[in-house]
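Read the structure below first, then the notes.
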Amino acid sequence: AFRFYDSDSKIRYNIENDDKYLYFSFDVQDQLTVQKILTTGLRLHLDGTAKNKEKNEIQFPIYSDKVPVSELEEYGTQYDQSILLGKARLDQMIPTDGYVKFNGKTDPIFNGAELNGILISLKFDESRSLVYSVKVPLDTLSLTSNLISIGLETGGYEMPQQDIAMQQ
């Protein structure tokens, strides 16, 4: 169960920690938001100084703010068909790769594979919500207090250029 809800993004989420790890998870039920995450990617910023600096980040799926809107339309058709076919088919639509950038070092990361203690999982649950989970070792965040800033953003679409004739 998720403890928090953001009504603007329609995302339910949890943030927890123990003495070694930060755990962040959220789920998305809104189909357009799911499609946007899977086509344009997601960027998660973590700042151990609590000053909203974007020096540590996880991009999974890989983030882009220039995805052609036609890709969303094509993906939407596949997504609609897959939702009828069930969870296993939806899971096949999840991108498999991304990257982490911590302390100035960038490394590839893959869905469900751990890298230097960082683990990312992206999958659909039985209700067909997209569930994103990440586990990050606290010692990678260069903590300066008991506060951590967390930012989350999706990529964006590039609208097609249209020529407009001016009337004389």
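Using a 1.4 Å probe on the protein chains only, how many percent of the accessible area of segment 1-134 belongs to carbon and sulfur?
Roughly 47 percent, rounded to a whole number.
For segment 1-100, what does the relative contact order come out to in percent, with C-alpha contacts under 8 Å and a separation of six or more?
Rounded, it is 20 percent for segment 1-100.
Working from Cα positions, state the angle (0 to 90°, nearest 10) between the long axis of helix 69-85 and the longest principal axis of the chain.
80 degrees
From the helices alone, meaning DSSP H stretches of at least four residues, give me the mean residue ellipticity at 222 nm for the chain, per-run term -39500 (n - 2.57), in deg cm²/dmol to the nearest 500. Show your work: numbers first, answer last.
Working: 3 runs with 33 residues, N = 168.
Mean residue ellipticity at 222 nm (helix-derived): -6000 deg cm²/dmol.
Give the peptides 131-139, 99-107 in descending order of average Cβ contacts within 10 Å, highest first.
131-139, 99-107
Need the full-extension length gain, T96 to L115, defined as separation in residues times 0.36 nm minus the C-alpha distance. One decimal, nm.
5.4 nm
Cross-link partners among aspartates and glutamates for K66, C-alpha distance below 17 Å, same-chain residues fewer than 8 apart left out?
Within the straight-line cut-off, K66 pairs with E74, E153, E158.
Using a Förster radius of 45 Å, what is the FRET efficiency between T49 and K10 based on their Cβ-Cβ separation? Nearest 0.05, please.
The pair T49/K10 has a calculated efficiency of 0.90.
Summing Lys, Arg as +1 and Asp, Glu as -1, what charge do residues with Cβ under 15 Å from the Cβ of D18 carry, D18 excluded?
Net charge around D18: -1.
Report, to one decimal in Å, the Kirkwood hydrodynamic radius for the chain based on all distinct Cα pairs.
Computed over Cα pairs of the chain, the Kirkwood hydrodynamic radius comes out at 17.1 Å.
Defining a contact as two alpha carbons under 8 Å apart and six or more residues distant in sequence, what relative contact order in percent does the chain show?
Relative CO of the chain lands at 30 percent.
Per residue, how many Å² of accessible area does the chain show with a 1.4 Å probe?
Numbers: 10000 Å² over 168 residues.
Counting only protein heavy atoms, the per-residue value for the chain is 59 Å².
Using alpha carbons only, how many degrees (0 to 90, rounded to 10) separate the axis of helix 31-40 from the longest principal axis of the chain?
80 degrees
Multiplying the sequence separation of E153 and K87 by 0.36 nm and subtracting their Cα-Cα distance, what value in nm do you get?
Result for the pair: 21.3 nm of gain on full extension.
The values are calculated or read from the model by the stated rules, or taken from the named source; none is laboratory data. Just so you know, these numbers come straight off a predicted model, no measurement behind them. Every residue, glycine as well, gets a Cβ built from its backbone with ideal geometry; the counts of neighbours run over all protein chains shown. With ligands, DNA and RNA removed, areas are computed over all heavy atoms of the protein, side chains included. Shrake-Rupley method; radii C 1.70, N 1.55, O 1.52, S 1.80 Å.
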